[in-house]
Amino acid sequence: MRVRLYSHVSVALIAALLMAAAHVHTRAIERSVAITFDDLPGAGAGTVVPDAAGLEALSRKLLIALRQHSVPAIGFVNEAALRLDGPFADERARRVGILRLWLEAGLELGNHTYSHRDLNTTPLDAYEADVLRGETMTRTLLRETGRTPRYFRHPLLHVGADLVTRRAFEAFLAERGYVVAPVTIDNDEFVYAAAYAAALRRGDSAGASRVGDDYLRYMEDTFAYFEEVSRRTVGREISQILLLHANSLNADRFGALAESLTRRGYRFISLTQALEDPAYRLPDEFTGAPGNSWFNHWEITAGRKPVPTPSPPPWVTPR
């Protein structure tokens, strides 16, 4: 009887372990994230060589990594960086060509204003004019592929200093056919990118490698942090939206970041798919600063404490 009892216990224990493993695996597969990049054609502070040739080179490398990992990303454009009014035709053409590279890769482009203005401090009419100016070339390029701009990303993630301004601007966007692109996985990747580019510019490959390695560690910790925030705020892990930038760091390390996220059980989805999650229809009356994760919006709207963005260690800050 004892042997038989032990046998039954062993079978039951193995079955329980298998069910638990299956549950963990299922939960991992349920994780999803939309990858978004701000400041196209490229973020100058995080770029080793910020001229058109340098931006084109890092863009090609980044797009290869996106393709290898089947990431349906979207890039948000600041058209001032296209230098459309500049004197050098080749520079303009190459910068516009970077946007074409994104579209040829099957990816999407969105509006990030013309000159990266701050809605919290810019008069609404001037801000709206900057949005319209910021869609000129993007709309033309998308039209060539039978598409129109669909998404808008607020620079600095500032949605307005007061609720009247925020709602008026959202109505303006809706009239133009835009949907706001939220962010849930906010992060200080741009700090790492500036340090990484600075190290490479001074020929410090070991320093750049140290920054790049810690960036991957930091992003792993940041995802774990916001996964917990999601469970606490919404009661489950929602479809996340990650904010990154088109810079040298991601050109070199996005492949490793994608592999890290895959190990965490994430599948890569489009922004459109992410926004189908009901969480993005939660009450949101956030205004002011700091502009960071939409979890912060939802927590403050509900009268709870704000959600801070995880910070890199002090040694990463470029000097």
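The values are calculated or read from the model by the stated rules, or taken from the named source; none is laboratory data. Everything numeric here is computed off the predicted structure, so don't read it as measured data. Backbone-built Cβ (ideal geometry, glycine too); neighbour counts: all protein chains shown.
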*Return yes when ASP221 is within 19 Å of the chain's Cα centre (by Cα), among the acidic types (Asp, Glu) and modelled with pLDDT of 95 or more and no when it is not.*
yes
*Looking only at the stretch 145-164, decide whether some residue is surrounded by 14 or more Cβ atoms within 10 Å (Cβ to Cβ), among the β-branched types (Val, Ile, Thr), at negative phi and touching a helix residue (DSSP H, G or I) at 6+ places or on another chain (Cβ under 9 Å).*
yes
*Of the numbered conditions (1) closer than 25 Å to GLY110 by Cβ; (2) surrounded by 14 or more Cβ atoms within 10 Å (Cβ to Cβ), GLY265 satisfies every one except a single condition; which is it?*
(1)
*How many of the residues making up the stretch 79-102 are modelled with pLDDT of 95 or more and either among the acidic types (Asp, Glu) or under 18 Å from the mean Cα position of the chain (by Cα) (or both)?*
3
*Return yes when GLY110 is surrounded by 21 or more Cβ atoms within 10 Å (Cβ to Cβ) and among the small types (Gly, Ala, Ser) and no when it is not.*
yes
_Yes/no for GLU135 being within 26 Å of GLY46 (Cβ to Cβ) and touching a residue at least 60 places away in the same chain (Cβ under 8 Å)_ = no
*asked:* Considering only residues that are in a helix (DSSP H, G or I) and either more than 27 Å from ARG117 (Cα to Cα) or at pLDDT 95 or above (or both), which ones fall in the stretch 20-53?
replied: ALA20, ALA21, ALA22, HIS23, VAL24, HIS25, THR26, ARG27, ALA28, ILE29, GLU30
*asked:* Condition first: at pLDDT 95 or above, assigned to a helix (DSSP H, G or I) and farther than 21 Å from ARG139 by Cα. Can you find one or more residues in the stretch 67-78 that meet it?
replied: yes
*Look at ASP221 and say whether it is in contact with a Phe, Trp or Tyr (Cβ under 9 Å, 6 or more places away or on another chain), among the charged types (D, E, K, R) and part of a helix (DSSP H, G or I).*
no
*If GLU128 passes every condition in (1) of a type outside the set (Val, Ile, Thr); (2) surrounded by 14 or more Cβ atoms within 10 Å (Cβ to Cβ); (3) in contact with a Gly (Cβ under 9 Å, 6 or more places away or on another chain) but one, which one does it miss?*
(3)
*Look at the stretch 189-207 and say how many of its residues are hydroxyl-bearing (Ser, Thr, Tyr) and farther than 10 Å from SER248 by Cα.*
2
_Pairs please, first residue from the stretch 230-245 and assigned to a strand (DSSP E or B), second anywhere and buried (at least 22 other Cβ atoms within 10 Å of the Cβ) and charged (D, E, K, R), Cβ atoms under 8 Å, 6+ apart in sequence or on different chains._
LEU243/ASP38; LEU243/ASP186; LEU243/GLU189; LEU244/ASP38; LEU244/GLU189; HIS245/ASP38; HIS245/ASP39; HIS245/GLU189
*Considering only residues that are part of a helix (DSSP H, G or I), aromatic (Phe, Trp, Tyr) and in contact (Cβ under 8 Å) with a residue 12 or more places away in the chain, look in the stretch 267-319 and name the one that is nearest to SER230 (Cα to Cα).*
PHE295
